[in-house]
Amino acid sequence: MINIEDVDVREVEQELGLSFDGTRKNILKTFDDVQACPGSGKTTMVAAKLLIIAKKWQTKYQGVCVLTHTNVAKQEIIDRLNRNADGVKLLSYPHFIGTIQEFINKFLAISFLRSNGYCVKHIDDDMCNVKAWHLLSYGTQKFLENKRISSLQNLQYYFNNKELELRVPGFKAESPSNSYRELTEAKETLVNDGYYYYHEMYAFANQSIHDNPKILDAIRHRFPIVFIDEMQDTQKFQDELLNKIFLHDNVKYQRFGDPDQAIYSDDGEENQTYNKAILEKIENSHRFDNSIAQLAKQLSYNRINLTSNKTNRIVSPHTIFLVDDNSRHKVFTEFAHLCEQVVPMDCDNPIKTVGAVGKKKDDGLTICNYLDSFDKDNSKNKFKPKKLIHYFYEAKRIKVGHEAYHIVLNGIVRCGHMANGELVYSDGTKSPYSATSIRKYLKDSNCFIDFNILIKKLLDSSIDKIKWDDAVTRLINLADLQVSTAIQDFISFESNIRLNPTANDNGSNIVTININGRKIENEVATIHAVKGETHAATLVLETKHYEFDMGSLIKYILGENTTKPTGVRKPQFMKKLYVAFSRPEHLLCIAIDKSRFPTEHISKSNYAGWKICDLTT
């Protein structure tokens, strides 16, 4: 087994041009679980440790396993290793770097299914939902809708009492009804056609282990060293399965993350063995200076002592904007003025505004109350609009050839999934819709040039209803799809209207304001969408999910309450706001309703490290 010594750390420091402090050096040399604060350089540290191990690795049939929660985190680690000759060794057999989902699929679930005679074509929730829904009769669809069930997301297998159990939406037990029969038959069709949900792959993995416990010995022998990144976002069922596999004397098992930023498990099913544990802590951030560290640490659920040795070139006026229903829109202009003052012209990081709740609600407080045109599905991180034409509008906006073309292809792919279609090549073989399969089909059918010319014409000119109706019919035909009720609404025309005058042609989620000749471009997004990002400046908006998030935590924000919050919602609110507060490099601002701000501080110009600006007057 590999041991990491001081000399190994010194060598990798010299190679990377870095200098690790005592805490980070200890983490490199040991395999204790780690809580890494925002901006701590966690990925750099993980990559450095992997480089040390890569230099020492000798065996040809055993490898290092690196698991992440998201594809973004996975790619970031791969990119770091690709820069180094030793690091590249870890990108191929016998090593494995991938998401937790990919690992479970590859080493347990898929092999279990295939060994039992089942094919596996697609593991995708959206495809399963659409395909299964179209297999149901109108009567069964209405039955589900009457029960307020609009998705077949729960038509899955679960591992319960040491066996697989199929749960059927709308039913608590087996039933002789036609709807129950149709739903079980729809699931049977999905399985026979090789379609599965992400979550149920964990059920198959557990059944595989139950049927053949020796498979655990094989995995542990293959991977004697295992790292998990972004561990705080794993759910309880993932945590339990990972521990069953890797929590063993024969495996060095180290987990990295930050429980204070665990914002993906609002249902209360977050992991227990990491988020609730006492962890080795990195409390020093490289992202922001101490003025932001002192504000953000007030929202650390685990009350870490967030600090920074970084010095900012300008003393930033971190501001609390007091707003009401009539003044919420003013906050963008006021924030832009501050950004013009303190964000350096050469700063490459984006300026962003974030809030916890993005979906419009008539009786709530969401991002839409500040920016009418905000569309949660129109963000760069999660672009999944309601109509095909929106893909073209987004492609026209970004104006980058390859990226714009890929966005349009994604729209066609989604159209194919909604129609439950398959591409049929000239040799009779079939393939589900994907960007790759569409390009292959177009070349196979000699339509590739016609398809690209049609897309280019739409992207290079304005789109009206007549032009769109003609073009989309041709596009659908070229992509081997039929216009049907399944896709009729999705392919229909809709004009590119911006509902809020503050937003410009850059998109409904972009606010651009000219301040003293400088264009301040501010992207608006949900907190979930910006997790892991670094911003030049961040404006955080108060929103409401049963309760007002910022209003309920204002005593914490002002440093007047330092006790650990209890209950269900306050800890959730705190973790989301902590993520938001810890994004910016130069400037942090918040907007809160004046009625929920302590009256004794309203007239003050500053308090607890904040400037106070009343926009209601």
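Each value in this text was obtained by applying a stated rule to the coordinates, not by laboratory testing. None of these values were measured; they are calculated from a predicted model. Virtual Cβ from ideal backbone geometry, glycine too; neighbours counted across all protein chains shown.
At-a-glance table
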{"quantity": "Packing-based exposure ordering (other Cβ within 10 Å, fewest first) of T59, T140, T184", "calculated": "T59, T184, T140"}
{"quantity": "Other-chain or far-sequence residues with amide H under 5 Å of T353's (modelled H)", "calculated": "E523, V524, A525, L539"}
{"quantity": "Ellipsoid equivalent to the chain - semi-axes via the Cα gyration tensor, in Å", "calculated": "39, 35, 26"}
{"quantity": "Cα pair distances exceeding 15 angstrom across region 388-478, given as percent", "calculated": "59 percent"}
{"quantity": "Per-peptide average of other Cβ atoms within 10 Å, ordering 1-12, 37-48 highest first", "calculated": "37-48, 1-12"}
{"quantity": "Region 102-125 residues near the modelled Y425 label - backbone nitrogen below 18 Å, point 7 Å along Cα→Cβ", "calculated": "121-122"}
{"quantity": "Computed lengthening from K276 to K594, 0.36 nm per intervening residue step minus Cα-Cα distance", "calculated": "110.9 nm"}
{"quantity": "Built amide H within the under 5 Å cut-off of T319, gap 5+", "calculated": "L588, C589, I590, K611"}
{"quantity": "Antiparallel content of DSSP bridges confined to the chain, in %, to 5", "calculated": "30 percent"}
{"quantity": "Whole-Hz ³J(HN,Hα) from phi, Karplus 6.51 cos²θ - 1.76 cosθ + 1.60, for region 158-164, glycine and proline x", "calculated": "10, 8, 9, 6, 6, 8, 7"}
{"quantity": "Label point distance in nm, Y198-L216, each placed 7 Å from Cα along Cα→Cβ", "calculated": "2.6 nm"}
{"quantity": "Calculated from backbone phi, Karplus (6.51, -1.76, 1.60) coupling profile of region 439-450 in Hz, x at Gly/Pro", "calculated": "4, 4, 5, 4, 5, 5, 9, 6, 10, 4, 5, 4"}
{"quantity": "Largest-first principal axis extents, alpha carbons of region 4-66, Å", "calculated": "36, 23, 16"}
{"quantity": "Length added when fully stretched, E5-R569, from 0.36 nm per residue minus Cα-Cα", "calculated": "198.6 nm"}
{"quantity": "Qualifying chymotrypsin sites (Phe, Trp or Tyr not before Pro) in region 172-241, DSSP loop, other Cβ atoms within 10 Å at most 15", "calculated": "Y198"}
{"quantity": "Low-density loop cleavage sites - trypsin sites (Lys or Arg not before Pro) in region 395-478, where at most 14 other Cβ are within 10 Å (DSSP)", "calculated": "K399"}
{"quantity": "Ratio of Rg to Rh over region 465-617 (Cα coordinates, Kirkwood Rh, two decimals)", "calculated": "1.13"}
{"quantity": "Computed E for A435/K519 - FRET, C-beta separation, R0 30 angstrom, nearest 0.05", "calculated": "0.35"}
{"quantity": "Extension gain (nm, one decimal) between D464 and N243, 0.36 nm per residue minus Cα-Cα", "calculated": "73.9 nm"}
{"quantity": "Cα-derived Rg over Rh, computed across region 125-197 with Rh taken as Kirkwood radius", "calculated": "0.94"}
{"quantity": "In Hz, Karplus ³J(HN,Hα) per residue of region 180-188 (6.51, -1.76, 1.60; θ = phi - 60°; x = Gly, Pro)", "calculated": "5, 4, 5, 5, 5, 5, 4, 5, 4"}
{"quantity": "Pairwise centroid distance, computed over Cα atoms, of region 188-238 with region 527-600, Å", "calculated": "36 Å"}
{"quantity": "Efficiency of FRET between E102 and K604 - r from beta-carbon atoms, R0 35 angstrom, step 0.05", "calculated": "0.10"}
{"quantity": "5 angstrom amide H check on T68, placed H, neighbours 5+ away", "calculated": "G98, T99, I100, D229"}
{"quantity": "Cα-based Rg and Dmax for region 1-113, where Dmax is the largest Cα-Cα distance (Å)", "calculated": "14.7, 48"}
{"quantity": "FRET efficiency estimate (nearest 0.05) - Cβ-Cβ, Q58 to R167, R0 56 angstrom", "calculated": "0.75"}
{"quantity": "Mean Cβ count within 10 Å, highest first, over the residues of peptides 536-542, 300-306", "calculated": "536-542, 300-306"}
